[in-house]
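Read through the structure below, which is laid out as structure tokens, and then see the notes.
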Amino acid sequence: MNITVPVSWLREYLKTDVAAKTLANYLTLAGPSVERIQKHGTDLLLEVEVTTNRPDAFSVFGLAREANTILNFENQKSSLVHPKGLNTKLDPDTKDILALDVLIKDKSLCPRFTAIILDNVKIKPSPAEIKNRLEASGIRAINNIVDISNYVMLELGQPMHTFDFDKIKGSKMILREAKEGEKLKTLDGQTRSLPKGTIVIEDGQRLIDLCGIMGGENSQISLRTKRVLIFVQAYDPIRIRKTTQALAFRTDAATRFGKGIDLEGILPALSRAVYLAKKTAGAKIASELIDIYRHPPAGGPKTIHLSLQKLDQYLGITLEPARAARILTLLGFTVSVSAQTITATAPSWRTQDMNSQEDLIEEIARIYGYHRLPSKLPEGEVINEKESDLSKVISLKEALKFLGLTEIISYSIISKELLALTGVQPLNAVELANPLSQEWQFMRPTNLVSLAAIIGQNQNLHSDMKLFEIAKTYIKNGDNLPTQNLYLSIALQNADSAKQNFAFYKVKGIVENIFEALGREVKFEKPKQNPLFIKDQSADIITIGPERSRRVGALGILSPSITTYFGIDVPVAACEINLTTVYSLPTTAKNYRPIPKYPPVIEDISAIFDKETLIADIIKEVKKAGAPLIKQIEIIDIYTDEKLGADKKSITLRLYYQKSDGTPNAEAVEKIRDAIQIELIKNLKAQIRK
């Protein structure tokens, strides 16, 4: 996260003579990175990048606190001055005390809620100093009360909100989860449909606040406002982040609430806001302080015990315990040192990111200076890690390239129309909460529709496209994150529409080559209904191995509903293979076989089979009967005609007879051929064609 900080504002709390450029260098070297310094009138602006785990530095004072630590360690003269009014007494200034009834229905939504009512408020423009600092930081000045809430947020990192107290119906606030279908018009004039679970506040009659993000228009401060409710609080960060994502609506306050708030800093921030309201608007406190604190952090302040031996091991140097303790003390920790251990208790603003010894070591190392640590590679035995899927995918892409396929990369988001082609219902698909357009509405459950779309878009330029894509698919998994498996998807455009059967066997042959490259054995089985493929022109891909058989994909001729949608008038053969599952399975052992010295005897056999007879069963019978002489079997032709008989097909097989010690003689070939024919007739009721 980047914040813009006027140097004059920073120097109000950081008392040092160090030049702005030098200060920026110190910060960048050991803390938040100053990316740019630019002139703004008579002032300078620092554009500072703060890492996401450091919400304590998302403010002017937080940055001053960080800079003061670094400068003091570097022996530069520096001191830290706190903003005025942090300890303002919050007792009523009037006898006519106003009351506000607050109910928090679920304490987990709001760990701390503070509020106070101000009376006698005069709404007018803010003083020039506040107005100029806000505008220099990128926030538009509105009026003295609204500006105070933004000013304190930038100054202390604590978001807050102001209401016109007289617009709160029944002087009542109920903090709860939003219900299905509830809406709220926010301060920016937009009416928002609230996701279920959003944190909201309602008064006696209607919603008045989208908590942690933006207030409701119906309770905003106006020129007629006389009584103001200021409330400062913390919310469940996860809920705030989910709401901003669901609404595609993020504010500066939401960003800070989403990172987590220092619970102990809430009351000082409220005191500071009241101090400024008294100073700039003549306000008087008209209520008792409301402070609903669920509980301080469990177990009190967080304490970590750091081994000095571990510290030296990580740093690569021997650092004096007193020096390490001084760094932590400068950072606000309460520290004690023993012979072997530093015990450090984190300040309230660092309890979120301080959880282990390594966190303390990181703090010590960065303030000490990474540039002061020795530059040498760590020693030790290199761990033999499992080969990553990325390296496997790279090898697979090489194999696919040599098979004549071209890689494409397409969008993972598809429209509702394309989702319908996959056969997946919208309720069972992963839908984006805030799609940019109707074209990008669902995460795709298969990649094949994307490949078909590309063939359709380019068929006027190419007539024989062979495409593949390796990408994740997204399958809904209840309320959990979607299942994201890595798939290899292939689509082959068949230029000759009359040879649909050959398109099927072509993609089948590619799949066999792929699994040979992957080192796994597969078989093909008749599938259940698959909406992606023609029923009688598809097959499931099943692995063979020591474990149980696993379905890892499917192949076939794409359904006409898909090809017609994209205007493709020729068959498209395709397959999809679940690489996530395949890579989880053991590979088959590879055996070396020398290339035969003697040529094979090649001959063709034609036979008529029932149309329902599977090619896999035919090949299985031929292999069994032809062992050990048959080395290779090819499908040469599949022919259907009324002359063959109803529900019949003619299949021509090309057989390769081969031996390692010589060319098979005619007698040996004839013997094997007869055995093959007998088995085909006996087991598959084949009619051998002469």
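The values are calculated or read from the model by the stated rules, or taken from the named source; none is laboratory data. Remember, it's a predicted structure, so these values are computed and weren't measured experimentally. Cβ sites come from the backbone with ideal geometry, for glycine too, and all protein chains shown count toward neighbours.
Let's see how each residue does on (1) more than 19 Å from residue 104 (Cβ to Cβ); (2) in contact with a Lys or Arg (Cβ under 7 Å, 6 or more places away or on another chain):
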| residue | (1), (2) |
| --- | --- |
| 152 | yes, yes |
| 176 | no, yes |
| 182 | no, no |
| 189 | yes, no |
| 195 | yes, no |
| 215 | no, no |
| 218 | yes, yes |
Original post:
Cβ-Cβ below 9 Å, separation at least six or inter-chain, first residue in the range 178-194 and on the phi > 0 side of the Ramachandran plot, second outside any loop (DSSP other than H, G, I, E, B): which pairs?
Top reply: 181/193; 189/217
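So, residue 595, is that one without any contact (Cβ under 8 Å) to a residue 24 or more places away in the chain, under 58 Å from the mean Cα position of the chain (by Cα) and either under 30 Å from residue 519 (Cα atoms) or assigned by TED's automatic domain parsing to the domain that holds residue 512 (or both) or not? Explain how you work it out, then say what you get.
Details: without any contact (Cβ under 8 Å) to a residue 24 or more places away in the chain: yes; under 58 Å from the mean Cα position of the chain (by Cα): yes; either under 30 Å from residue 519 (Cα atoms) or assigned by TED's automatic domain parsing to the domain that holds residue 512 (or both): yes.
It is true that residue 595 is without any contact (Cβ under 8 Å) to a residue 24 or more places away in the chain, under 58 Å from the mean Cα position of the chain (by Cα) and either under 30 Å from residue 519 (Cα atoms) or assigned by TED's automatic domain parsing to the domain that holds residue 512 (or both).
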Original post:
Among the residues of the range 525-540, which ones are modelled with pLDDT of 90 or more and not in a loop (DSSP other than H, G, I, E, B)?
Top reply: 533, 534, 538, 539, 540
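Residue-by-condition table, conditions (1) crowded, with 17+ Cβ neighbours inside 10 Å; (2) in contact (Cβ under 8 Å) with a residue 60 or more places away in the chain:
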| position | (1), (2) |
| --- | --- |
| 464 | no, no |
| 473 | yes, no |
| 485 | no, yes |
| 488 | yes, yes |
| 512 | no, no |
| 544 | no, no |
| 552 | yes, no |
| 565 | yes, yes |
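Anything in the range 1-23 that is free of Cβ contacts under 8 Å to residues at least 24 places away in the same chain and either of a type in the set (Val, Ile, Thr) or closer than 23 Å to residue 255 by Cβ (or both)? List them, or say none. I'd like the intermediate steps shown before the answer.
Taking the range 1-23 as the starting set, the residues that turn out to be free of Cβ contacts under 8 Å to residues at least 24 places away in the same chain are 11, 19, 21-22.
Passing the criteria: only 22.
What do you reckon, is residue 43 among the charged types (D, E, K, R), surrounded by 19 or more Cβ atoms within 10 Å (Cβ to Cβ) and modelled with pLDDT under 95? Lay out the reasoning, then the answer.
On the way: among the charged types (D, E, K, R): yes; surrounded by 19 or more Cβ atoms within 10 Å (Cβ to Cβ): no; modelled with pLDDT under 95: yes.
Considered against the rule, which asks whether it is among the charged types (D, E, K, R), surrounded by 19 or more Cβ atoms within 10 Å (Cβ to Cβ) and modelled with pLDDT under 95, residue 43 comes out as no.
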**OP:** Kindly list the number of the only condition in (1) surrounded by 13 or more Cβ atoms within 10 Å (Cβ to Cβ); (2) in contact with a Ser or Thr (Cβ under 8 Å, 6 or more places away or on another chain); (3) more than 30 Å from residue 177 (Cβ to Cβ) that fails for residue 116.
**Re:** (3)
**OP:** Pick out the one residue from 585, 555, 614, 532 that is closer than 30 Å to residue 687 by Cα, hydrophobic (A, V, I, L, M, F, W, C) and under 34 Å from the mean Cα position of the chain (by Cα).
**Re:** 555
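Check 433, 471, 429 and return the single one that is of a type outside the set (Lys, Arg) and either modelled with pLDDT of 95 or more or more than 21 Å from the chain's Cα centre (by Cα) (or both). Working first, answer last.
Working: 433 fails: either modelled with pLDDT of 95 or more or more than 21 Å from the chain's Cα centre (by Cα) (or both); 429 fails: either modelled with pLDDT of 95 or more or more than 21 Å from the chain's Cα centre (by Cα) (or both).
Among 433, 471, 429, only 471 is of a type outside the set (Lys, Arg) and either modelled with pLDDT of 95 or more or more than 21 Å from the chain's Cα centre (by Cα) (or both).
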**OP:** Report yes if some residue within the range 244-260 is more than 19 Å from residue 101 (Cα to Cα), aromatic (Phe, Trp, Tyr) and part of a helix (DSSP H, G or I); otherwise report no.
**Re:** yes
Subject >> Set 131, 169, 124, 196: member being among the basic types (Lys, Arg) and over 27 Å from residue 282 (Cβ atoms) >> reply: 196
**OP:** Using the structure shown, decide if residue 219 is modelled with pLDDT under 95 and within 26 Å of residue 125 (Cβ to Cβ).
**Re:** yes
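Before we move on, is residue 278 among the basic types (Lys, Arg) and under 30 Å from residue 169 (Cα atoms)?
Details: among the basic types (Lys, Arg): yes; under 30 Å from residue 169 (Cα atoms): yes.
So residue 278 fits the description; yes.
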**OP:** Tally the residues that are of a type in the set (Ser, Thr, Tyr) and more than 30 Å from residue 234 (Cβ to Cβ), restricting the search to the range 337-366.
**Re:** 2
Original post:
Only one of these conditions is not met by residue 318: (1) surrounded by fewer than 17 Cβ atoms within 10 Å (Cβ to Cβ); (2) touching a residue at least 40 places away in the same chain (Cβ under 8 Å); (3) polar (S, T, N, Q). Which number is it?
Top reply: (2)
Subject >> Residues satisfying the stated conditions in the range 419-455, i.e. among the small types (Gly, Ala, Ser), in contact (Cβ under 8 Å) with a residue 40 or more places away in the chain and farther than 25 Å from residue 529 by Cα >> reply: 433
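So, in the range 89-105, exactly how many residues are touching a strand residue (DSSP E or B) at 6+ places or on another chain (Cβ under 9 Å) and either part of a loop (DSSP other than H, G, I, E, B) or more than 26 Å from residue 230 (Cβ to Cβ) (or both)? If you could, list the steps in order and put the result at the bottom.
The first filter runs over the range 89-105 and keeps only residues touching a strand residue (DSSP E or B) at 6+ places or on another chain (Cβ under 9 Å), leaving 89-94, 96-105.
Then keep just the ones that are either part of a loop (DSSP other than H, G, I, E, B) or more than 26 Å from residue 230 (Cβ to Cβ) (or both); that gives 89-94, 96-97, 99-100, 105.
Residues meeting the conditions: 11.
Listed here are the residues, each with its yes/no results for (1) more than 19 Å from residue 504 (Cα to Cα); (2) in contact with a helix residue (DSSP H, G or I) (Cβ under 7 Å, 6 or more places away or on another chain).
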| residue | (1), (2) |
| --- | --- |
| 614 | no, no |
| 618 | no, yes |
| 628 | yes, no |
| 641 | yes, no |
| 652 | no, no |
| 662 | yes, no |
| 665 | yes, no |
| 681 | yes, no |
| 689 | yes, no |
Subject >> Of residues in the range 388-405 being in contact with a Phe, Trp or Tyr (Cβ under 7 Å, 6 or more places away or on another chain) and surrounded by fewer than 18 Cβ atoms within 10 Å (Cβ to Cβ), the one farthest from residue 248 (Cα to Cα) >> reply: 392
